[in-house]
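Data block below; observations after.
The values are calculated or read from the model by the stated rules, or taken from the named source; none is laboratory data. Since we're looking at a predicted model, the values are computed, not measured. Cβ placement follows ideal geometry from the backbone for every residue including glycine, while neighbour counts extend to all protein chains displayed.
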Amino acid sequence: MKATKGYRGNKAHLPTKICIVCERPFSWRKKWAACWGEVKCCSEKCRREKRKAG
């Protein structure tokens, strides 16, 4: 298995974003590889909270 260019086991090089609900930073996850541009919340809990408040 070939590692991606920037990752190579070092999580410090993964892209990060700020959660729009809790305002904490969160890192890229493999399950978000196809939709990273659309990800706004760090977790399901924050996503549900956003929906309640919205």
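If only residues of the stretch 41-53 that are surrounded by 13 or more Cβ atoms within 10 Å (Cβ to Cβ) and more than 20 Å from K11 (Cβ to Cβ) are counted, the one that is modelled with the lowest pLDDT is K50.
For every residue, the table says whether it meets (1) surrounded by 11 or more Cβ atoms within 10 Å (Cβ to Cβ); (2) modelled with pLDDT under 95.
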{"site": "T4", "(1), (2)": "no, yes"}
{"site": "I18", "(1), (2)": "yes, no"}
{"site": "W28", "(1), (2)": "yes, yes"}
{"site": "K31", "(1), (2)": "no, yes"}
